[in-house]
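Bear in mind these aren't lab numbers, they're just calculated from the coordinates by the rules spelled out. Everything numeric in this text was worked out from a predicted model, so none of it was measured. For neighbour counting, all protein chains shown are included, and Cβ atoms are generated from backbone atoms with ideal geometry for every residue, glycine included.
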Amino acid sequence: MSHAPGTHRRRRRAPRPVPLALAGALVATAAVALPHLTPEASAATTLRGYADGRGVRIGAAVGDTPLTSDASYTAVLDREFNSVTAENAMKWDAVEPSRGSFNWAAADRLVAHATSHNQGVRGHTLAWYAQLPSWLKNGNFSATELNTILKSHIDTEVGRYKGKVYAWDMINEAFNEDGSMRSSLWQDKLGTGYIANALRWAYTADPAARLYINDYNIEADNAKSDALYALAQQLLVQGVPLHGIGFQSHFEVGKLPTSMKANLKRFSDLGLEVSITELDIRIPLPASSAELTQQSTDYKSASENCLGVPRCAGITLWGVSDKYSWVPGTFNGYGAALPYNESYAAKPAYTGLSNGLDPNA
């Protein structure tokens, strides 16, 4: 999950495309074999049913509190989604609140719930500038020691869930809007090389997990996505185990970027998976019927933008219903961002997303 996205700055020229011979090699080494998904007994007309039929993921970010206390929440989650992402339970501050002392309770609960309901788990996130525990933020560690701390954390967490997490949002929000590297504990002390190191360590800990770089405001062809594209090219040429790009897709109603599908395709053309990882579409409150209709159209378009591209691995919503959405607390005056309202009634957005997932719609 991101902080409020900033405004795009002036676009710069896109980097040169990979030469055809190199592109072919990259596709050969990084090509994706999507995991077989076993359909649940639930009706084929659920979101999950459509996604299972296409061999892709339809996911939701899951909070520990509603998971353990809200039966309506889990009923929708288990009926409609074949994938879950830990909203907060796998982040540094939750998992390693003091150095070398780990708290797996909430993360383990999510993994156990997913396992018992035939859902895949997406891990989130291992190298981010935010939600770091104070011992780490304020430790003033040397580069050598910080490097050791990062490796140890990745080894421990990825190793614990080896074979239980199908993909990790390894690197989260590493870029500024102008395409420069964002200042962070990792970037400032270790330099951009921490990204390749983190990916290599995670691959060693679980070679079967798909490893992603995840960011927001990269859905369009712009300076930020150009910079990420250039980094992805570089990492692949170096043989770094990067498997996918996560497009968070926190949108405002009626403002989906027109270049989204073409932009996702250029990353797919590198041989990388592409996934929408945190989709929600916020509306100024109170939401009008026209805005809810437009939101439905936007959900359909966003899902089709990904599913219409080779190597689209799936779509994850940042939440299950408006009842627990992060949007009202982050974007003042906005809300109603998810396909289910606070009472778990399906909104027009549910139909839009269903139609985007249904190849026959």
With a Förster distance of 30 angstrom and the Cβ-Cβ distance between Asp269 and Lys164, calculated FRET efficiency to the nearest 0.05 equals 0.45
In a Debye calculation with equal point scatterers on the alpha-carbon sites of segment 170-248 and no solvent, what is log10 I(q)/I(0) at q = 0.11, 0.16, 0.17, 0.23 Å⁻¹? -0.26, -0.56, -0.63, -1.15
Short to long, in 5 Å steps from zero, the percent of alpha-carbon pairs of segment 139-279 per bin is 2, 10, 19, 21, 20, 15, 8, 4, 1, 0
Fraction of antiparallel bridges per DSSP, segment 20-357 only, in percent to nearest 5: 10 percent
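Could you work out how much longer the chain between Ala105 and Ala71 gets when fully extended? Use 0.36 nm per residue separation minus the Cα distance between them, nm to one decimal. Display every interim value, and only then the final one.
Values: separation 34, 0.36 × 34 = 12.24 nm, distance 1.96 nm.
Taking Ala105 through Ala71 to full extension adds about 10.3 nm, to one decimal.
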³J(HN,Hα) computed for each position of segment 261-269 - Karplus, 6.51 cos²θ - 1.76 cosθ + 1.60, integer Hz, glycine/proline x: 4, 5, 5, 4, 5, 5, 6, 4, 5
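What ranking do Asp280, Asp358, Asp206, Asp178 get, fewest neighbouring Cβ atoms within 10 angstrom at the top? Each step should come with its number before you reach the end.
Working: Asp280 27, Asp358 18, Asp206 22, Asp178 15.
Ascending number of Cβ neighbours within 10 Å: Asp178, Asp358, Asp206, Asp280.
Percentage of Cα-Cα pair distances in segment 75-199 greater than 21 Å, rounded to whole percent? Could you put the intermediate results ahead of the total?
Numbers: 3192 of 7750 pairs.
So the portion of pairs separated by more than 21 Å is 41 percent.
So which of Lys189/Lys323; Lys265/Lys323; Lys224/Lys300; Lys189/Lys261; Lys189/Lys255; Lys137/Lys255 end up more than 30 Å apart, counting from Cα to Cα? Write down the numbers at each step before the final one.
On the way: Lys189/Lys323 39 Å; Lys265/Lys323 34 Å; Lys224/Lys300 25 Å; Lys189/Lys261 36 Å; Lys189/Lys255 37 Å; Lys137/Lys255 36 Å.
Exceeds cut-off: Lys189/Lys323; Lys265/Lys323; Lys189/Lys261; Lys189/Lys255; Lys137/Lys255.
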Output the Cα-based Rg and Dmax of the chain in Å, rounding Rg to one decimal and Dmax to a whole number. 19.3, 57
When averaged across all projection directions, what area in nm² does the alpha-carbon convex hull of segment 186-229 cover? 3.9 nm²
Give me Met170, Met260 sorted ascending by neighbouring Cβ count inside 10 Å, so fewest comes first. Met260, Met170
Given just the C-alpha atoms of segment 86-157, how large is their convex hull per residue in cubic angstrom? 80 Å³
Sequence order, segment 115-124: Karplus ³J(HN,Hα) from phi using 6.51 cos²θ - 1.76 cosθ + 1.60, θ = phi - 60°, Hz rounded, Gly and Pro as x, gives 4, 6, 10, 6, 10, x, 10, 9, x, 7
Starting with the fewest neighbours, write out Asp188, Asp322, Asp221 ranked by other beta-carbon atoms found within 10 Å of each beta-carbon. Asp188, Asp221, Asp322
State, to one decimal in nm, how far the label point of Thr330 lies from the label point of Ser116, with both points 7 Å from Cα in the Cβ direction. 3.0 nm
